[in-house]
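FYI, it's all coordinate maths here, none of it is from the lab. All values reported here derive from a predicted model rather than from experimental measurement. Please note: Cβ atoms are built from the backbone with ideal geometry, for glycine as well, and neighbour counts cover all protein chains shown.
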């Protein structure tokens, strides 16, 4: 049976945080009652990431490991994972994110809401008065780009993920920006403070690269609403 959700966990030297992330994600997914798969999208780590996935595959059903083309390039790993994933929708989550099970619960509920069927991308709602620079430059309102969590319906994801250029954790939020610029509809999800914001300062460099790329049209976007 085709999975309802693919949960994609991008990693690079993430062996310390991966076990808890897998346990937390699997606990919620097993109890949810719907079909799922978990894909660890690894950027050719030299640590124990691959061994961890192999050990956990005996305990967690539908767990898979894919590797990107370039060492340290999470974007390439994510592209590979999206390409081989089979879920109707997928949720990308950084393994360092806390309370992944609760986050998946809220994200999956948002996806399945009748009122949300018109939306293509799901993003944790951001705190007020934060990330104003990102909002003004990228036209992403209220959503917390830097939480390390984002969800995509299949049609949207298949279109925007091949365009990823960032290699670090920015590869999680770059496709959100691409989707917004391409005219896909973004819905913010109230996480009740579970998904805390990551450092804006640490994302400033990638943010500038994306803004520059948009202005130079390196993504070759065509707005679907035009």
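Rounded to the nearest 0.05, what FRET efficiency do residue 118 and residue 84 have when you use their Cβ-Cβ distance and R0 = 25 Å? Walk me through the numbers on the way to the answer.
Working: r = 28 Å, r/R0 = 1.11.
Computed FRET efficiency for residue 118 and residue 84: 0.35.
Within 10 Å of each residue's Cβ, count the other Cβ atoms and sort 102, 159 from fewest upward. Before the final figure, lay out each step's value.
Values: 102 15, 159 18.
Going from sparsest to densest Cβ surroundings: 102, 159.
In degrees from 0 to 90, rounded to the nearest 10, what is the angle of the helix 204-215 Cα long axis to the longest principal axis of the chain?
60 degrees
Using a 10 Å cut-off around each Cβ, can you sort 221, 20, 65, 207 from fewest to most neighbouring Cβ atoms? Show your work: numbers first, answer last.
Numbers: 221 16, 20 13, 65 19, 207 23.
So the ranking, lowest neighbour count to highest, is 20, 221, 65, 207.
Using alpha carbons only, how many degrees (0 to 90, rounded to 10) separate the axis of helix 74-84 from the longest principal axis of the chain?
70 degrees
Helix-only mean residue ellipticity at 222 nm, the chain, DSSP H runs n ≥ 4 weighted -39,500 (n - 2.57), per residue, nearest 500. What is it? Please list the in-between numbers first.
Values: 8 runs with 85 residues, N = 226.
Calculated from helices alone, the mean residue ellipticity at 222 nm is -11500 deg cm²/dmol.
Does segment 1-97 come out rounded, prolate or oblate, given a ≥ b ≥ c as the square roots of the eigenvalues of its C-alpha gyration tensor, rounded meaning a/c under 1.5 and, failing that, prolate meaning a/b above b/c?
Values: a/c = 1.91, a/b = 1.31, b/c = 1.47.
Oblate.
Compare 171, 46, 25 in a GNM of the chain, Cα atoms joined below 10 Å, and give the one with the largest fluctuation.
It is 46.
Find how much the distance from residue 46 to residue 204 grows on full extension, using 0.36 nm per residue of separation minus their present alpha carbon separation; answer in nm with one decimal.
Details: separation 158, 0.36 × 158 = 56.88 nm, distance 2.70 nm.
Between residue 46 and residue 204, full extension yields an extra 54.2 nm.
With springs connecting C-alpha atoms under 10 Å apart, model the chain as a Gaussian network and identify which of 186, 103, 52 has the largest mean-square fluctuation.
52
Which of these, 63, 204, 166, has the largest mean-square fluctuation under a Gaussian network model of the chain (Cα springs below 10 Å)?
So, out of 63, 204, 166, the one fluctuating most is 204.
For the chain, find the longest principal axis of its Cα atoms and tell me its angle to the long axis of helix 100-112, 0 to 90°, nearest 10.
Approximately 60 degrees, to the nearest 10.
So if R0 is 30 Å, what FRET efficiency would residue 102 and residue 223 give, r being the distance between their Cβ atoms, rounded to the nearest 0.05?
Working: r = 35 Å, r/R0 = 1.16.
With R0 = 30 Å, the Cβ-Cβ based efficiency is 0.30.
In nanometres, what is the gap between the two model label sites at residue 31 and residue 61, each 7 Å from Cα along Cα-to-Cβ?
Taking the simple label geometry, residue 31 and residue 61 are separated by 1.7 nm.
Counting alpha carbon pairs within less than 8 Å and at least 6 residues apart, what relative contact order, in whole percent, applies to the chain?
Values: 427 pairs, mean separation 47.7, N = 226.
Relative CO of the chain lands at 21 percent.
Restricting to bridges with both residues inside the chain, how much of the DSSP beta-bridge set is antiparallel, in percent to the nearest 5?
Rounded to the nearest five, the antiparallel share is 30 percent.
Could you put 60, 23, 208 in order, starting from the residue whose Cβ has the fewest other Cβ atoms within 10 Å?
On the way: 60 18, 23 14, 208 11.
Final ranking by Cβ density, sparse to dense: 208, 23, 60.
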